[in-house]
1. What order, most packed first, do the peptides 118-128, 349-359 have when packing is the mean number of other Cβ atoms within 10 Å of each residue?
2. Roughly how many debye, to the nearest 20, is the charge dipole of the chain about its Cα centre, given +1 on each Lys and Arg Cβ, -1 on each Asp and Glu Cβ, and no other charges?
3. List the trypsin sites (Lys or Arg not before Pro) within the range 187-243 that fall in a DSSP loop (any state other than H, G, I, E or B) and whose Cβ has at most 15 other Cβ atoms within 10 Å.
4. Got a sec? How would Glu195, Glu171, Glu309 order by Cβ neighbour count within 10 Å, fewest to most?
5. For Thr306, Thr249, Thr3, which order do you get if you count the other beta carbons within 10 Å of each Cβ and list the fewest first?
6. Round to the nearest 10 and give me the degree value, 0 to 90, for the angle of helix 398-409's Cα axis relative to the longest principal axis of the chain.
7. Taking the Cα centroid of the range 1-71 and of the range 147-176, what is the distance between the two, rounded to the nearest whole Å?
8. Determine which residues of the range 287-319 fall in the zone a paramagnetic label at Val325 would reach in this model, i.e. backbone nitrogen under 15 Å from the point 7 Å along Cα→Cβ.
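Taken together, the values in this text are just the output of simple stated rules run on the coordinates, not laboratory data. Just so it is clear, the structure is predicted and the values come from calculations on it, not from any experiment. Using ideal geometry, Cβ is built from the backbone for each residue, glycine included, and neighbour counts are taken over all protein chains shown.
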Amino acid sequence: MTTSATHEAIDAVWRIESARLIAGLARLVHDVGLAEELAQDALVAALEQWPDSGVPKNPGAWLMAVSKRRAIDLFRRNERLRDKVAELARDLDAQPTEPDPQSIGDDLLRLVFVSCHPVLSTEARVALTLRLLGGLTTEEIARAFLVPAPTIAQRIVRAKRTLSSKGVPFEVPGSDELGPRLASVLEVIYLVFNEGYSATAGQDWMRPELCAEALRLGRVLAELVPKEPEVHGLVGLMEIQASRTRARTGPDGAPVLLLDQDRGRWDHVLIRRGLAALQRAQDCGGPLGPYWLQGSIAACHAQARTAEETDWERIAALYGLLAEVSPSPIVELNRAVAVGMARGPAAGLALVDELADVPALHNYHLLPSVRGDLLAKLGRDEEARREFTRAAGLTSNERERAFLLARAGDPVD
């Protein structure tokens, strides 16, 4: 195998094994930052040795063994941690050739909850999760979110420092804490997905690689906590939304709205997986939460063979339930869209106008965009143009701005 081919293999191994490796090390050293440093040391060793020796049969076990030896060397320099040396040495001697799947799952679940701990800011949780669980480099995360690499690096460093200073334990929260902590995890995963699905800034309408990473994390989490319905609800929602990826842009990269998409280009394998995940959530029993409700709304679109067959009354009803479970102005705006489709644009416009003075929506570009669409359907063209122009001025995404300005030029289309 050539050196370049070996480096490609190492990169692939790192993407697959890094989260398990860091999770296993964090359980032993009780420090996420140190665990990542040890894992990176093992990666450097692989880059130095594997081009000559070849990729080992079990690269994950090789990386773990090297990391633990590095940890032993490190702790031997500190006499106060002599007991930790003995613990690590015993663990290294007892390390099986094939890691215990249950142990890997437990370690990964601990790492998920630590990376998404509420003690961290939302931005820090996202960056740390993509770094530790996604195996993405600082530069890759920075490119995905269109921020300078040093900014992401600082977020990650601060996050690890905060976890250490706050003494956040490397453990799965108890039953009394599980709900709020799981909500934080799901929020991070969905934030990553949404940034990929509808990029907030830049030249691209979507960043599919972020959608794929969020979906991968969601699927992993669903296997780690199979009895949590909202986890399956989120996976179902993301599967169905991701199914539209190919149809969401035209040949020139311009956005294509949901009702105008070629449904033949939707990925029906992902749709089936999404519907199965939603059913799995129901089978768990108990109350169904906001992700399941949003997934059910997505399912209404996915199950309609044509845009005209969409069950807008059911969608409006589901948004009504969502507003009760998770009230927000954005949910109400989406409900207004559904009502406008089910009962006519005048009914939808009346609901939108009730949201005009909500502070949270003052700079939200979709409020004037939705209002412009409803006005255009009512033949109030000049008002519609003004709303589309205002919406274009509020978005930071260049594709979306161009799309809205085009609508301002011809709002009836």
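1. In descending order of packing, they fall as 118-128, 349-359.
2. 460
3. Hits after loop and neighbour filter: Lys227.
4. Working: Glu195 20, Glu171 13, Glu309 9.
Exposure proxy ranking, most exposed first: Glu309, Glu171, Glu195.
5. Least crowded to most crowded, the residues run Thr306, Thr3, Thr249.
6. In the chain, helix 398-409 runs at an angle near 0 degrees to the longest axis.
7. Centre-to-centre distance over Cα atoms comes out at 22 Å.
8. 287-300, 315-319
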